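Student: Mind having a look at this structure? Questions to follow.
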Amino acid sequence: MNYNWNWGVLFEEQYLDWLISGVGWTFAVALSAWVIALIVGIMIGVGRTLPTKPIAHICAAYVELFRNVPLLVQLFLWYFVMPEVVSDDLGRWMKRDMPNPEFVTAVIGLGLYTASRVAEQVRAGINAVGGGLVSAAYAGGLSTAQTYRFVLLPIAFRLIVPPLTSEFLTIFKNSSLALTIGLLELTAQSQQIAEYTFQGFEAYTAATVIYVVIALGATLISHILEKHTRIPGYVGKG
Amino acid sequence: MISIENVSKWYGDFQVLANCTSKVDKGEVVVVCGPSGSGKSTLIKCVNGLEPVQRGTITVEGTEVTAKRTNLTKLRSRIGMVFQHFELYPHMSVRENLCLGQQKVLGRSRDEANAKAEALIDRVDMLAHIEKFPGQLSGGQQQRVAISRALAMDPIAMLFDEPTSALDPEMINEVLDVMVELAQDGMTMMVVTHEMGFARKVADRVVFMDAGAIVEDRETEAFFGNPESDRAKEFLSKILNH
Ligand SMILES: Nc1ncnc2c1ncn2[C@@H]1O[C@H](COP(=O)(O)OP(=O)(O)OP(=O)(O)O)[C@@H](O)[C@H]1O
Ligand SMILES: [Mg+2]
């Protein structure tokens, strides 16, 4: 193989700037989408476990819809189709005046998609707590909202720290799909560096290393979180 | 205080409770017993509205539990309940277990709740363990905490669903002792249990259930001395001869 290795290219000012900017956008998309995913995911996940049937059904429908349509298709739908199906004024605004449309679309698309996965984890966590404790909470005079707030959710969240970490990692990896709608995040910038310099190996290696570092960081945080939230002597529903 | 009138309940086609009628007066201790699956847990859960009934009425201190418009949350805050598997909040210390309802449901201040928690926990000899988590306690200790948690709400009556049947034999008495003391203090109690020694000692009446129906509902002495039904006789001979 006749390949001219040149790692130095990564440290040339222009390309280094691109990489840094790419990392910045990756973090911005992933973290913003994660906020949406958590807020919406918790609401949908809780909703699925509520005794009120219509709410539970609507939440179940949300999960099925967003979990089963491929993320790439969802991004295209939000980016290309959405402006055409909303009212003319809104559509025009989305296409012409909306600030940072690639970013906003990526955050919404990725956030709502990941929400469906977070919702499933939240639901599983709540179900794992067990009916006996719920009866005890109600018997003690707690309302439904208080039972969730003080008993079900605090226990459920502790149980789902590991799967939520894995969703958190996935959101970073999935944020790379935003390049398909033109967002210059990490993967897109690496691609661009590869095209400009013909040093594809170096560029993609840099991206890989950065994704791996992010993954290690998240895993570390997860371990710390797990340790601090561990319930002494508790092993969950037998 | 507690009155159960012609209560029937079904799970689908299966009838769990068949026309049950009984009552517990203020200060009375009523023991409910009967074979497994006879509907004892179901009956006691209907008393504080944890389970709905399809027919009949249950009233607690003038409040109709079975009426649609009844504020069940409020009613439950006045009735203590103790479960077979303790059901302490695992993520909270003993102290927090006792304070949660006091603060969030009764609106007591933190100091007030703490003082009450400490006094109650001291009464069951658990003060040294008050900062521990349920998972760090033995079954008997957990159940004593669970009783204290219910008492922290100043209940007008207490419901027990087989409070000692998940315990190792050597821990049963430490829990029964607390319950006996409670009964002697005049607490109104409805207790599902197979501890016939406890029943003999403190129960005013014994309710015997079989296949969802209340077969006998009699004064304790009469029940043990001379059970009327064959099913109660058979049950007693089984439970007393081992
Ligand atoms: N949620 C439910 N759905 C369907 N059937 C139920 C349900 N809960 C209880 N049952 C049935 O109702 C009957 C009475 O149950 P219950 O728990 O009240 O009995 P029990 O007298 O407390 O028995 P045990 O001594 O084993 O605790 C049983 O046959 C049980 O299988
Ligand atoms: Mg039972």
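The values are calculated or read from the model by the stated rules, or taken from the named source; none is laboratory data. Given the structure is predicted, the values throughout are model-derived calculations rather than measurements. For neighbour counting, all protein chains shown are included, and Cβ atoms are generated from backbone atoms with ideal geometry for every residue, glycine included. Just so you know, the surface numbers come from the protein's heavy atoms only, side chains and all, with ligands and any DNA or RNA stripped out. Shrake-Rupley method; radii C 1.70, N 1.55, O 1.52, S 1.80 Å.
Student: Which ³J(HN,Hα) values, rounded to whole Hz and listed in residue order, are derived for region B:116-132 from phi using the Karplus coefficients 6.51, -1.76 and 1.60 in 6.51 cos²θ - 1.76 cosθ + 1.60 with θ = phi - 60°, glycine and proline given as x?
Tutor: 5, 4, 5, 4, 5, 5, 5, 4, 9, 6, 10, 4, 5, 9, 5, 8, 7
Student: Moving to a separate point now. How much accessible surface area, in Å² rounded to 10, belongs to the heavy atoms of B:D161 with a 1.4 Å probe?
Tutor: Rounded to the nearest 10, the figure is 10 Å².
Student: To the nearest 10 degrees, how steep is helix B:94-104 against the longest Cα principal axis of chain B, on a 0 to 90 scale?
Tutor: Tilt of helix B:94-104: around 80 degrees.
Student: Regarding the protein assembly as shown, what's the average projected area of the Cα-atom convex hull, expressed in nm²?
Tutor: Taking a quarter of the hull surface, the average projection is 32.0 nm².
Student: Roughly how much of A:E120 is accessible, in Å² to the nearest 10, using a 1.4 Å probe?
Tutor: Near enough 40 Å² of accessible area.
Student: Report the net charge of residues surrounding B:S36, where surrounding means a beta-carbon distance below 12 angstrom and charges are Lys +1, Arg +1, Asp -1, Glu -1.
Tutor: Taking every Cβ under 12 Å from that of B:S36, the sum is 0.
Student: Still on this model: Can you pull the mean other chain C-beta count within 10 Å for peptide B:79-87?
Tutor: 4
Student: Further, regarding this structure: Which net charge results when you count Lys and Arg as +1 and Asp and Glu as -1 among the other residues whose beta-carbon is under 13 Å from that of B:R95?
Tutor: Numbers: positive: B:R110, B:K116, B:K132, B:R149; negative: B:E96, B:D111, B:E118, B:D122, B:E131.
So the surrounding residues net to -1.
Student: What does the charge count around A:V46 come to, taking other residues whose C-beta lies under 11 Å from its C-beta (Lys +1, Arg +1, Asp -1, Glu -1)?
Tutor: Here the charged neighbours net out to +3.
Student: Could you pull the accessible area for A:H57 with a 1.4 Å probe, rounded to 10 Å²?
Tutor: Approximately 120 Å² of A:H57 is accessible to the 1.4 Å probe.
Student: Can you list residues from other chains, or at least 5 along the same chain, whose modelled amide H is less than 5 Å from the amide H of B:S8?
Tutor: For B:S8, whose amide H was placed from the backbone, the distant partners under 5 Å are B:N19, B:C20, B:Q54, B:R55, B:G56.
Student: May I ask you to rank B:E64, B:E234 by accessible area, largest first, using a 1.4 Å probe over the protein chains only?
Tutor: So, going from the largest accessible area down, we get B:E234, B:E64.
Student: If you count the DSSP beta bridges with both ends in the protein assembly as shown, what percent of them are antiparallel, to the nearest 5? Display every interim value, and only then the final one.
Tutor: Details: 20 of 36 bridges.
Of all bridge pairs located within the protein assembly as shown, approximately 55 percent are antiparallel.
Student: Are there DSSP H segments in chain A that both extend 20 Å or more along their axis (alpha-carbon positions) and score a mean Kyte-Doolittle hydropathy of at least -0.5? List them, or say none. Each step should come with its number before you reach the end.
Tutor: Values: long enough: A:13-49 (53 Å, 1.26); A:53-68 (22 Å, 0.39); A:101-129 (41 Å, 0.69); A:200-229 (43 Å, 0.98).
Result, helices passing both filters: A:13-49, A:53-68, A:101-129, A:200-229.
Student: Continuing with this model, one more query. What is the average number of partner chain Cβ atoms found within 10 Å of a Cβ in A:149-158?
Tutor: Whole-number average of other-chain Cβ neighbours for A:149-158 is 3.
Student: Looking only at A:G125, A:G22, A:G140, which one moves most when chain A is put into a Gaussian network model with springs between Cα atoms under 10 Å?
Tutor: Judging by the Gaussian network model, the answer is A:G140.
Student: Right, something else. So how far, in whole Å, is the C-alpha centre of region A:1-52 from the one of region B:63-140?
Tutor: Measuring centre to centre over Cα atoms gives 45 Å.
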